Amino acid sequence: MRADPEHSLDYYLVGGAVRDRLLGLDVNDRDWVVVGATPELMVARGFKPVGKDFPVFLHPVTHDEYALARTERKTGPGYKGFSVYASTDVRLEDDLRRRDLTINAMAQTRDGELIDPFGGASDLDNRTLRHVSPAFAEDPVRILRVARFAARYADLGFTVADNTNALMSAMIRDGEVDALVAERVWTELQSALGESRPSQFIVTLRECGALARIFPEIDRLFGIPQSARRHPEIDTGAHTLLTVDQAAAATATIRARYAALVHDLGKGLTPPQRWPNHRGHDRSGLEPIRRLNSRLRVPNAFARLALLVCAQHLKMHRLDTLKAHAVLALLESLDALRRPEIIVDFSAACRADARGRSGHGTRPYPQAELLQRCCEVARGVDSNTLGLQGHAIGAEIRRRRVVAIDELLRG
């Protein structure tokens, strides 16, 4: 293997590394494009091929990805309906042109010279998310990616360009998003929930009409009123946005953020004549969550937590008013006596709901600590039931746990 694998290669730093470097952000992953090379040459230099659909190679030392410059041509619906052309005659500008946003279509030479054929640096300065070319409309995943970037850079003031929003709206009308597969939608949603302002993922999709097509259960919440006494923001959709951002601000896990996002889906099913009351939404919300979990093939841990938060968040909010046996029942429903770690995520989602209201963003939420302490005393009950048999053993342990929780609540 050569001491210098890149020797004589015409290669450029591209994409997110260039974008984030210009924004003054930390750069963790570096992707490179190689112009004028062949797969055989890359292998001869010691690069390891890893690409299935197009030629991508791992550097033998740094393990950065080096992709041969390529173009794409639309051949069918959806994000898989493309043919890829990677050859020595593909120019760097051709490769950059196929990318989604101008801020992702910049490159740098090894000496740091910026190559910016589509105005990405100007859009960075203007905090604008803008598509590179009309070819953007060929891939519906790009709608989700734009929404994810809106969530990532919302705190920096980025907004979607009007012409890009119009193009995405046209894609919705043309039915392009109907070709999206569940796994890809979930992957993008999961990534967006990990950003600093996940609410902007939802807002961006709603502004172009994609939310109603991809996440109709969430879209349905907008325009539905709640009691102004409990929810000064009134609109259920607005409350959902505040809640998921509260979960993100508290650095809750992605599981907890997903549960926070979907915890009120039952309010979308309340008959209008009952507005702004939503009595029973903790029960009616379970079925739309199940449908969403099934449609997106949500991982079991995410799906289970979302259902638990929906079913039990109202009890959690009034935890300090519950009787000891009701608190134990709550812990049992969470399976927290066997898996106490679930309390952290469950409490985080419930706290986000309590704080996801106008003017309530910093309100105390002592229920989280109280539930944790109740679980600890219940799990610490002496299980010595000498002389008892069968069902009597379980009944006695449960009785002792109720007593222990009652003593804690009274103390």
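The values are calculated or read from the model by the stated rules, or taken from the named source; none is laboratory data. On a predicted model such as this, the values are computed, not experimentally measured, just so you know. Counting neighbours? That spans all protein chains shown, and the Cβs are built from the backbone with ideal geometry, glycine included.
Every residue, every condition in (1) in a loop (DSSP other than H, G, I, E, B); (2) modelled with pLDDT of 95 or more; (3) among the polar types (S, T, N, Q), yes or no:
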residue: R357; (1), (2), (3): yes, yes, no
residue: P364; (1), (2), (3): yes, yes, no
residue: A378; (1), (2), (3): no, yes, no
residue: S383; (1), (2), (3): yes, no, yes
residue: A392; (1), (2), (3): no, no, no
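For the stretch 290-315, name all the residues that are closer than 18 Å to D219 by Cα and in contact (Cβ under 8 Å) with a residue 60 or more places away in the chain.
Matches in the stretch 290-315: R291, L292, R295, L296.
So which residues in the stretch 343-368 are without any contact (Cβ under 8 Å) to a residue 24 or more places away in the chain and either of a type in the set (S, T, N, Q) or closer than 17 Å to E407 by Cβ (or both), if there are any at all?
Of everything in the stretch 343-368, just one residue is without any contact (Cβ under 8 Å) to a residue 24 or more places away in the chain and either of a type in the set (S, T, N, Q) or closer than 17 Å to E407 by Cβ (or both), namely T362.
Checking V181 against (1) under 18 Å from R148 (Cβ atoms); (2) touching a residue at least 60 places away in the same chain (Cβ under 8 Å); (3) touching a helix residue (DSSP H, G or I) at 6+ places or on another chain (Cβ under 9 Å), only one condition comes out false. Which one?
(3)
Would you check which residues across the stretch 173-229 are touching a Lys or Arg at 6+ places or on another chain (Cβ under 6 Å) and surrounded by fewer than 16 Cβ atoms within 10 Å (Cβ to Cβ) and list them?
Of everything in the stretch 173-229, just one residue is touching a Lys or Arg at 6+ places or on another chain (Cβ under 6 Å) and surrounded by fewer than 16 Cβ atoms within 10 Å (Cβ to Cβ), namely A182.
Name every residue in the stretch 125-164 that is assigned to a helix (DSSP H, G or I) and farther than 18 Å from R99 by Cβ, in order of residue number. It would help to see each step written out before you state the result.
Within the stretch 125-164, the subset assigned to a helix (DSSP H, G or I) is 125, 134-138, 141-156, 162-164.
Across the stretch 125-164, the qualifying residues are D125, A151, A154, D155, L156, D162.
All but one of (1) within 34 Å of the chain's Cα centre (by Cα); (2) over 30 Å from H231 (Cα atoms); (3) free of Cβ contacts under 8 Å to residues at least 12 places away in the same chain hold for E396, so report the exception by its number.
The failed condition is (1).
Would you confirm whether or not the stretch 264-280 contains a residue that is within 18 Å of the chain's Cα centre (by Cα) and either modelled with pLDDT of 95 or more or over 21 Å from G361 (Cα atoms) (or both)?
Scanning the stretch 264-280 turns up at least one residue that is within 18 Å of the chain's Cα centre (by Cα) and either modelled with pLDDT of 95 or more or over 21 Å from G361 (Cα atoms) (or both).
Condition check ((1) basic (K, R); (2) in a loop (DSSP other than H, G, I, E, B); (3) over 19 Å from V298 (Cα atoms)) across all residues:
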site	(1), (2), (3)
A166	no, no, yes
W186	no, no, no
F201	no, no, no
F222	no, yes, yes
A248	no, no, yes
Y258	no, no, no
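Which one of the conditions (1) in a loop (DSSP other than H, G, I, E, B); (2) at pLDDT 95 or above does S196 fail to meet, given that it meets all the rest?
It is condition (2) that S196 fails.
When only residues in the stretch 299-345 that are polar (S, T, N, Q) and loosely packed, with under 14 Cβ neighbours inside 10 Å count, which is nearest to V381 (Cα to Cα)?
Among those residues, the one meeting the criterion is S333.
Just the residues that are under 14 Å from D162 (Cα atoms), of a type outside the set (A, V, I, L, M) and surrounded by 16 or more Cβ atoms within 10 Å (Cβ to Cβ), please, taken from the stretch 109-148.
Hits for the stretch 109-148 are D123, T128, R130, H131.
Output yes when any residue across the stretch 19-28 is farther than 20 Å from Y153 by Cα and buried (at least 19 other Cβ atoms within 10 Å of the Cβ), and no when none is. If you could, list the steps in order and put the result at the bottom.
Here is the first cut: in the stretch 19-28, the residues farther than 20 Å from Y153 by Cα are none.
No, that holds for no residue.
Here are some conditions: (1) over 20 Å from A150 (Cβ atoms); (2) under 13 Å from the mean Cα position of the chain (by Cα); (3) surrounded by 21 or more Cβ atoms within 10 Å (Cβ to Cβ). T236 meets all but one. Which one does it not meet?
Here T236 meets the rest and fails (2).
Consider E233 carefully, then state whether it is within 30 Å of P272 (Cβ to Cβ), in contact with a helix residue (DSSP H, G or I) (Cβ under 6 Å, 6 or more places away or on another chain), among the acidic types (D, E) and in a helix (DSSP H, G or I).
On the way: within 30 Å of P272 (Cβ to Cβ): yes; in contact with a helix residue (DSSP H, G or I) (Cβ under 6 Å, 6 or more places away or on another chain): yes; among the acidic types (D, E): yes; in a helix (DSSP H, G or I): no.
Against the criterion (within 30 Å of P272 (Cβ to Cβ), in contact with a helix residue (DSSP H, G or I) (Cβ under 6 Å, 6 or more places away or on another chain), among the acidic types (D, E) and in a helix (DSSP H, G or I)), E233 does not qualify.
Counting only residues that are of a type in the set (K, R) and under 25 Å from M171 (Cα atoms), which one in the stretch 198-231 is farthest from the chain's Cα centre (by Cα)?
Residues of the stretch 198-231 that are of a type in the set (K, R), as a first pass: 206, 213, 220, 229-230.
Those still in the list that are under 25 Å from M171 (Cα atoms) too: 206, 213, 220.
Numbers: R206: 16, R213: 18, R220: 19 Å.
In this case the residue turns out to be R220.
Of all residues in the stretch 51-70 being under 26 Å from A137 (Cα atoms) and surrounded by fewer than 19 Cβ atoms within 10 Å (Cβ to Cβ), which is modelled with the lowest pLDDT?
D53
Does L371 fit the bill of being surrounded by fewer than 18 Cβ atoms within 10 Å (Cβ to Cβ), of a type outside the set (V, I, T) and either more than 22 Å from L241 (Cα to Cα) or touching a His at 6+ places or on another chain (Cβ under 8 Å) (or both)?
It is false that L371 is surrounded by fewer than 18 Cβ atoms within 10 Å (Cβ to Cβ), of a type outside the set (V, I, T) and either more than 22 Å from L241 (Cα to Cα) or touching a His at 6+ places or on another chain (Cβ under 8 Å) (or both).
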